[in-house]
Amino acid sequence: MSTDDLKGGQENWSDFRTRRWRHSRGLRNMLRQIHLDSTDLICPIFISHGEHVRVEIPSMPGQFQISVDRISEEIKEIEQAGIPAVILFGIPEHKDSQGTGAWVDDGVIQQAIRRIKEVAPEMVVVTDVCLCEYTDHGHCGLINGNDSLAGADTLPADYVLNDETLALLGQIAVSHARCGADIVAPSGMMDGMVTTIRRALDANRYEHVAIMAYSVKYSSAFYGPFRDAADGAPQFGDRKTHQMDFAESRQAMREARLDVQQGADFLMVKPAMAYLDIIARLHAGFSEMPLVAYNVSGEYSMVKAAAQNGWLDERETVFELLTGMKRAGADLIITYHAKDVGKWLKQMK
Ligand code: PBG
């Protein structure tokens, strides 16, 4: 160390031994600012059509597609791990151009919500509100020129129709609320989706049901394993006309502001690991709003693959990643690691 580094009145660098803060485990624990807790976590579940289904997703070791009749054992395990909330994604038997399976009363998600509320009334049930898992073309909305349903000649062919899609999103949200969902989470990045859903919920007297907006959802390669898991890859094109460009951050503030103005109860940033700066910016700019980070499928699969190869210590890696998300400003984290983390935290007590 050169004496130049010690200028500013301090002659004796020994007065600045920062290592003293970290000398013992006890001290390190006392000085920790961020404490990961199982109540921070929301556990995703893939609900499959059919019966007796519990099929592991090849690209997401430890994650399963589960049918409604097998859901109660899963929910009990999640509850025992101390996780207070789940978010549901559906894999319907039939898909069509309008994504009908997303709002019908006997849809997979509708059945799953009712079943979960029977076996675990306290469990907070969040539902993904989007069309991509239910449309045969795999897009998050109606497509221009498809079955002459809607649209306009002035819009490009294959355009994901915004305003026509909104009405369906309202209908999906109300169908989830009717079954007992606590929070609906629109993920399609359509303009105006929060207003539309809020109005639809209120008009049907579900004013107590909250909206967790996927406000800042980037177009990301990290969704790859999810699209296998939920069978929701687009059959043509991509989602770049509505999901955000990863080289942009100004739009994140605009997206979040619009969602707050439209009545969102929670904001979300997705994915998480490559977007900690965005989480920090939203935390600073919208400090009154609960902020959710979505630790997405590809982020999970990377950790799992490395851990399975013995290249990373799974538990240490997961704690470091999730703690980093909280340190950046996330209040809640949607993560496929939720059940494991809940169990690890219990073991550590
Ligand atoms: C859309 C949706 C997606 C994810 C959550 N909701 C897929 C997409 O936008 O293509 C991805 C979640 C993940 O990768 O874990 N309904």
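Take region 232-259 and flag every residue that is open to solvent by 60 Å² or more (accessible area, probe 1.4 Å) and either within 16 Å of the ligand (Cβ to nearest atom) or within 28 Å of G138 (Cα to Cα) (or both). Correct list: Q235, F236, G237, D238, K240, T241, D245, F246, A247, Q251, R254.
For beta carbons closer than 8 Å, sequence separation of 6+ or different chains, a first residue in region 260-279 that is on the phi > 0 side of the Ramachandran plot and surrounded by fewer than 18 Cβ atoms within 10 Å (Cβ to Cβ) and a second that is modelled with pLDDT of 95 or more and of a type outside the set (S, T, Y), the qualifying pairs are G263/V194; G263/R198; G263/I211. The residue of region 196-217 that is surrounded by the fewest Cβ atoms within 10 Å (Cβ to Cβ), among those that are within 16 Å of the ligand (Cβ to nearest atom) and either modelled with pLDDT under 95 or farther than 10 Å from V174 by Cα (or both), is I211. Picking from residues in region 303-349 that are assigned to a loop (DSSP other than H, G, I, E, B) and either away from the ligand (no atom under 16 Å from the Cβ) or of a type in the set (V, I, T) (or both), the one that is farthest from M273 (Cα to Cα) is K349. Is it the case, given these coordinates, that A167 is surrounded by fewer than 22 Cβ atoms within 10 Å (Cβ to Cβ) and either more than 16 Å from the ligand (Cβ to nearest atom) or within 13 Å of V129 (Cβ to Cβ) (or both)? Yes, satisfied.
Output yes when any residue across region 43-54 is more than 16 Å from the ligand (Cβ to nearest atom), under 26 Å from D331 (Cα atoms), under 20 Å from the mean Cα position of the chain (by Cα) and open to solvent by less than 20 Å² (accessible area, probe 1.4 Å), and no when none is.
Residues of region 43-54 more than 16 Å from the ligand (Cβ to nearest atom): 49-54.
When the remaining residues are screened for being under 26 Å from D331 (Cα atoms), the result is none.
No: region 43-54 contains no residue that is more than 16 Å from the ligand (Cβ to nearest atom), under 26 Å from D331 (Cα atoms), under 20 Å from the mean Cα position of the chain (by Cα) and open to solvent by less than 20 Å² (accessible area, probe 1.4 Å).
For region 280-297, what are the residues that are assigned to a helix (DSSP H, G or I) and either within 16 Å of the ligand (Cβ to nearest atom) or open to solvent by less than 60 Å² (accessible area, probe 1.4 Å) (or both)? Residues satisfying the conditions are A280, L282, G285, S297.
Going through (1) assigned to a helix (DSSP H, G or I); (2) within 16 Å of the ligand (Cβ to nearest atom); (3) surrounded by fewer than 19 Cβ atoms within 10 Å (Cβ to Cβ) one by one, Y300 falls short only on (3).
The residues in region 326-341 that are more than 13 Å from the chain's Cα centre (by Cα) and surrounded by 23 or more Cβ atoms within 10 Å (Cβ to Cβ) can be counted, and the count is 1. Scanning region 36-84 for residues that are under 20 Å from Y134 (Cβ atoms) and β-branched (V, I, T) gives I45, I47, V53, V55, I57, I66, V68, I71.
The values are calculated or read from the model by the stated rules, or taken from the named source; none is laboratory data. Values in this document were obtained by computation on a predicted structure and should not be read as measured data. Ideal geometry is used to build each Cβ from the backbone, glycine not excepted, and the neighbour counts take in all protein chains shown. Protein only, heavy atoms only, side chains kept; ligands, DNA and RNA dropped before computing areas. Shrake-Rupley method; radii C 1.70, N 1.55, O 1.52, S 1.80 Å.
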